[in-house]
Amino acid sequence: YVVYGLDKLCSRMPPGQEKFVFIADLEGWGYSNSDIRAYLGALSILQDFYPERLGKVFIIHAPYIFMTVWKIVYPFIDKNTKKKILFVENKSLKSTLLEEIDESQLPEIYGGQLPLVPTQDS
């Protein structure tokens, strides 16, 4: 699924666009719907087969309990990738996202103009 999603994402990028920005919305995340081995596998695929395609990751709505899992996963993240990960507070969500994402490309649910389209429909 990770490869499918990344391939879909890369195929939608305009010519000349090399990197993508990822918004990781963790609202509703919990231990019951998490799989650390899957996270590490996805991280490995991203780092090993899509090097330097990631521009930045914005982690939003991260629940407190997420930090426990983050401490387990963090050491496995490549140092260059670590620099691209940013935790965003709710009070500065829209302004922080707009620093890196054009309003026309920011999903409506985060204050932008882009309607969300399911991956399989893109």
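The values are calculated or read from the model by the stated rules, or taken from the named source; none is laboratory data. Since we're looking at a predicted model, the values are computed, not measured. Glycine also receives a Cβ, built like all others from the backbone with ideal geometry; neighbour counts cover every protein chain displayed. The area values use the complete protein model at the heavy-atom level, side chains included, leaving out ligands, DNA and RNA. Shrake-Rupley method; radii C 1.70, N 1.55, O 1.52, S 1.80 Å.
Just to be sure, is Ala42 among the hydrophobic types (A, V, I, L, M, F, W, C), in a helix (DSSP H, G or I) and surrounded by 14 or more Cβ atoms within 10 Å (Cβ to Cβ)? Yes: the conditions hold for Ala42.
Taking into account only those residues within segment 105-122 that are closer than 14 Å to Ile23 by Cα and not in a helix (DSSP H, G or I), which is modelled with the lowest pLDDT? Let's see the steps before the verdict.
Taking segment 105-122 first, the residues closer than 14 Å to Ile23 by Cα are 105-112, 114, 116.
From what's left, not in a helix (DSSP H, G or I): 105-107, 111-112, 114, 116.
On the way: Gln105: 90, Leu106: 94, Pro107: 94, Gly111: 93, Gly112: 94, Leu114: 92, Leu116: 86.
Across segment 105-122, the extreme among qualifying residues is Leu116.
Filtering segment 1-39 to residues that are aromatic (Phe, Trp, Tyr) and open to solvent by 80 Å² or more (accessible area, probe 1.4 Å) leaves Tyr1, Tyr4, Phe22, Tyr31. Restricting the first member to segment 5-29 and to residues that are more than 14 Å from Ile59 (Cβ to Cβ), and the second to residues that are among the hydroxyl-bearing types (Ser, Thr, Tyr) and not in a loop (DSSP other than H, G, I, E, B), the beta-carbon pairs closer than 9 Å and six or more apart or on different chains are Gly5/Thr119; Lys8/Thr119; Leu9/Thr119.
With hydroxyl-bearing (Ser, Thr, Tyr), under 14 Å from the mean Cα position of the chain (by Cα) and at pLDDT 85 or above as the only criterion, which of Thr96, Thr68, Thr81 stands out?
Details: Thr96 fails: under 14 Å from the mean Cα position of the chain (by Cα); Thr68 fails: under 14 Å from the mean Cα position of the chain (by Cα).
Sole residue among the options that is hydroxyl-bearing (Ser, Thr, Tyr), under 14 Å from the mean Cα position of the chain (by Cα) and at pLDDT 85 or above: Thr81.
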